[in-house]
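What follows is a short report on a single structure.
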Amino acid sequence: MNIQETKLSGCYIIEPKVFGDERGYFFESFNKKQFEEVTGLSVDFVQDNQSSSRYGVLRGLHLQYGDAAQAKLVRVLSGEVLDVAVDLRPESETYGQHVAVKLTAENRKQLFIPRGFAHGFVVVSEQAEFFYKCDNFYNPKAEGGVIYNDQSLNIDWGIPEEDMIISEKDQQLPTFSSFEKIYSAL
């Protein structure tokens, strides 16, 4: 398995070694020991989630605060998404910066997103099955996020905005500057 740190400290792209033959393929999607050796991070996943979405669905940018913060390991089981992680750790050198990675069923790439990051994705194929592991349980009282089209973040989602399908809840998320004020008050 190849583990590469992105430009954001603690955020990693993981590419498994795939073994294929006439029967199909096999790969190890996660190896805790190898992950910890390469990254120096200890992670214990406690919850798995999966979603199915059609072209244009944008989910995000979400995070959990405080004791409910979550690290995530995300991947696509079918289809293709543009996955985005935004560093919201005020003490970080890359605070307010983001990384965007194309995750597909074919490339089998995964993105490890540490605690303190907002996360979102948009489906760029006809349909996509999205799977992720979390190192903490979901807590609706600790939900937060940043609006997907915040101008200061300047995220290129890779599809026209008129094609985006966004929940009413996600359309009400605060701007990055408003989030900073909310977060500093916690």
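Against the condition at negative phi, not in a strand (DSSP E or B) and not aromatic (Phe, Trp, Tyr), how does Asn154 come out, does it pass? It is false that Asn154 is at negative phi, not in a strand (DSSP E or B) and not aromatic (Phe, Trp, Tyr).
Every residue in segment 69-86 that is small (Gly, Ala, Ser) and in a loop (DSSP other than H, G, I, E, B), please.
Ala69, Ala71, Gly79
Out of segment 157-183, which residues are in a loop (DSSP other than H, G, I, E, B) and without any contact (Cβ under 8 Å) to a residue 60 or more places away in the chain?
Taking segment 157-183 as the starting set, the residues that turn out to be in a loop (DSSP other than H, G, I, E, B) are 157-160, 164, 167, 172-175.
Within segment 157-183, Pro160, Gln172, Pro174, Thr175 meet the criteria.
What residue, among those in segment 123-144 that are assigned to a strand (DSSP E or B) and touching a Gly at 6+ places or on another chain (Cβ under 7 Å), is surrounded by the most Cβ atoms within 10 Å (Cβ to Cβ)? So the residue we want is Val123.
Restricting segment 20-61 to residues that are in contact (Cβ under 8 Å) with a residue 24 or more places away in the chain and loosely packed, with under 10 Cβ neighbours inside 10 Å, the residue that is nearest to Glu162 (Cα to Cα) is Gln50. Every condition in (1) modelled with pLDDT under 95; (2) closer than 25 Å to Glu180 by Cβ; (3) surrounded by 15 or more Cβ atoms within 10 Å (Cβ to Cβ) holds for Val84 except the one numbered (1).
Exactly one residue out of Gly60, Gly96, Gly10 is at positive phi and part of a strand (DSSP E or B): that is Gly60.
The values are calculated or read from the model by the stated rules, or taken from the named source; none is laboratory data. Source: prediction; values computed, not measured. Glycine gets a Cβ as well: all are built from the backbone with ideal geometry, and neighbour counts include every protein chain shown.
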